[in-house]
Amino acid sequence: MPVGLTAPIAYLNAEFIPLQELNFSYNNRSMQYGDGLFESIRVHQGLPLFVEDHIERLLAGMYALGFDFPLFDPVHFYHSMVKLGELNQIAEGRLRVQVVRNTGGFYRPNVDSCSLFMTLEPLEESLYSINEKGLRLGLFSEIRKPVNVLSGIKSTSALLYVLGAREARQQNCDDTLMLNEFGRICEATSGNLFLLMADGKVLTPSVSEGILPGVFRKRLIIKLREVGVEVEEGQVMHDDMYKASEVWLTNAIKGLRWVISWKERRYFGTQARRVAELLRAEAAHYIGPAEKQTNA
């Protein structure tokens, strides 16, 4: 906790309150049924990054789950995030935004109204610093991820990812790759997957493969294409993992991380460092919706 701060502050339905007062009843629908969504947003120098992309995904998930939420003002939301950082005296951190359907009913909810709350915790690592030691990947094949409208929702019901991450611990790996219902590789438990192929093309599983479409994944695809790199969004087979010269994982908190091994295959991280630097520079100069409105 920062020096001089007596208690962490949270945000609940447009109000800032001490975190210890953020109490939910035992029949909270997120706890009982996983009836909620969340976003993890990187905060750098007090400013949340890529807010528009996070809001877009959050609203898409709320629509898919039938949440009834008042008119959403991205600028006001952005200001609230910034203020939460100021109140907590945190300049570098992980911001968690969670939306939960309000209490009532069993599987059949009584209402579709929802509550939104945010918490912020500090991070020590610098912005999107590349990992010095490559990640070791295993394979989680016991349960396959279904491909449907729920595949792309960042739900509070995340048991598949929990079990996949637990399997990584069992295999003494840093993470595991997961399979979709067709047996194709779709993502890792901690982020999206990118393969740098021998011809210089970058291959990543498409949204139709049942992935969670990450915010950083979106930014990386845009940046690679801007600098002339061909990016194919398609199917990733097991053989592709052996053909790739580099393998990367991405998420909005850690940025891009390079992989050193998958099964007996070994990789390098040369290009990963160059790409990570491009994305770090873009994030460092990110302009939020409030600044865009001011400059308009």
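I want to confirm something. Restricting to the stretch 105-130 and keeping residues that are touching a Gly at 6+ places or on another chain (Cβ under 9 Å), of a type outside the set (A, V, I, L, M) and not in a strand (DSSP E or B), which single residue is nearest to Asp35 (Cα to Cα)? Checked the stretch 105-130; the qualifying residue nearest to Asp35 (Cα to Cα) is Asp112.
For the stretch 204-218, the tally of residues that are β-branched (Val, Ile, Thr), in contact (Cβ under 8 Å) with a residue 40 or more places away in the chain and over 9 Å from Gly152 (Cα atoms) stands at 1.
With the requirement that a residue be among the polar types (S, T, N, Q), in contact with a strand residue (DSSP E or B) (Cβ under 6 Å, 6 or more places away or on another chain) and not in a loop (DSSP other than H, G, I, E, B), what does the stretch 203-258 give you? Outline the logic, then answer.
Initial filter on the stretch 203-258 (among the polar types (S, T, N, Q)): 204, 206, 208, 235, 245, 250-251.
Pick out the ones that are also in contact with a strand residue (DSSP E or B) (Cβ under 6 Å, 6 or more places away or on another chain) and you get 204, 206, 245, 250-251.
Once the filter is applied, which keeps residues that are among the polar types (S, T, N, Q), in contact with a strand residue (DSSP E or B) (Cβ under 6 Å, 6 or more places away or on another chain) and not in a loop (DSSP other than H, G, I, E, B), the stretch 203-258 yields Thr204, Thr250, Asn251.
In the stretch 212-238, of all residues being under 15 Å from Met178 (Cα atoms) and not aliphatic (A, V, I, L, M), the one that is surrounded by the most Cβ atoms within 10 Å (Cβ to Cβ) corresponds to Pro213.
For Asn148, which of the numbered conditions (1) in contact with a Gly (Cβ under 6 Å, 6 or more places away or on another chain); (2) assigned to a loop (DSSP other than H, G, I, E, B); (3) in the same structural domain as Arg184 (by TED's automatic domain parsing); (4) not small (Gly, Ala, Ser) fails to hold? With respect to (1) in contact with a Gly (Cβ under 6 Å, 6 or more places away or on another chain); (2) assigned to a loop (DSSP other than H, G, I, E, B); (3) in the same structural domain as Arg184 (by TED's automatic domain parsing); (4) not small (Gly, Ala, Ser), Asn148 is out only on (1). Summed over the stretch 259-292, the residues that are closer than 20 Å to Val51 by Cβ and either outside any helix (DSSP H, G or I) or free of Cβ contacts under 8 Å to residues at least 12 places away in the same chain (or both) give a count of 7.
The sole residue among Glu264, Glu277, Glu291 that is modelled with pLDDT under 95, closer than 15 Å to Leu177 by Cβ, surrounded by fewer than 17 Cβ atoms within 10 Å (Cβ to Cβ) and not polar (S, T, N, Q) is Glu264. Scanning for something among the basic types (Lys, Arg) and part of a helix (DSSP H, G or I), does the stretch 167-180 turn up at least one residue? Yes, the stretch 167-180 has at least one match. Flag: Phe77 does not match the condition of being in contact (Cβ under 8 Å) with a residue 12 or more places away in the chain, within 14 Å of Ile153 (Cβ to Cβ) and aromatic (Phe, Trp, Tyr). Only residues that are hydrophobic (A, V, I, L, M, F, W, C) and more than 19 Å from Leu212 (Cβ to Cβ) were counted across the stretch 121-147, and they come to 3.
In the stretch 7-31, the residues that are without any contact (Cβ under 8 Å) to a residue 24 or more places away in the chain form Cβ pairs under 9 Å with partners that are in a strand (DSSP E or B) and loosely packed, with under 14 Cβ neighbours inside 10 Å, at six or more places apart or across chains, as follows: Ala7/Pro18.
The values are calculated or read from the model by the stated rules, or taken from the named source; none is laboratory data. This is a predicted model, so every value here is computed, not measured. Counting neighbours? That spans all protein chains shown, and the Cβs are built from the backbone with ideal geometry, glycine included.
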